[in-house]
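S.K.: This structure is in structure tokens; I'll ask about it shortly.
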Amino acid sequence: MKDNKTVRIKLPKAPIGEEESVFVGCNGVCYNILRGVEVEVPECVAAILLESEKAEDNARDFLMRKAGK
């Protein structure tokens, strides 16, 4: 049976010059999440966005450490 649990999320508004939405693909379904608006998405989409944020934080930390050396 397919898990259809959803969660409500709100992505921060995009800085000037950046995309106003975020594309996420999960289990063969594509989502275009508008920033600055509360939306309901499947749990897998929220998990992908969270992992993406963690990866960006790790990359930023890595670059800051490299710049400091």
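The values are calculated or read from the model by the stated rules, or taken from the named source; none is laboratory data. On a predicted model such as this, the values are computed, not experimentally measured, just so you know. Ideal geometry is used to build each Cβ from the backbone, glycine not excepted, and the neighbour counts take in all protein chains shown. The protein model used for the area step is the full one, side chains on, heavy atoms only, and it has no ligands, DNA or RNA in it. Shrake-Rupley method; radii C 1.70, N 1.55, O 1.52, S 1.80 Å.
S.K.: Which condition from (1) at pLDDT 95 or above; (2) on the phi > 0 side of the Ramachandran plot is the one that residue 17 breaks?
M.R.: (1)
S.K.: Right, next: Check residue 18 against each of (1) surrounded by 11 or more Cβ atoms within 10 Å (Cβ to Cβ); (2) among the acidic types (Asp, Glu); (3) farther than 19 Å from residue 4 by Cβ and name the one condition it does not meet.
M.R.: (1)
S.K.: Please verify whether residue 43 is in contact (Cβ under 8 Å) with a residue 40 or more places away in the chain and more than 11 Å from the chain's Cα centre (by Cα), treating the condition exactly as stated. I'd like the intermediate steps shown before the answer.
M.R.: Working: in contact (Cβ under 8 Å) with a residue 40 or more places away in the chain: yes; more than 11 Å from the chain's Cα centre (by Cα): yes.
Yes: the conditions hold for residue 43.
S.K.: Identify the single condition in (1) in contact with a strand residue (DSSP E or B) (Cβ under 9 Å, 6 or more places away or on another chain); (2) open to solvent by 100 Å² or more (accessible area, probe 1.4 Å); (3) basic (Lys, Arg) that residue 35 does not satisfy, given that it satisfies every other one.
M.R.: Evaluating residue 35 over (1) in contact with a strand residue (DSSP E or B) (Cβ under 9 Å, 6 or more places away or on another chain); (2) open to solvent by 100 Å² or more (accessible area, probe 1.4 Å); (3) basic (Lys, Arg) leaves (2) as the failure.
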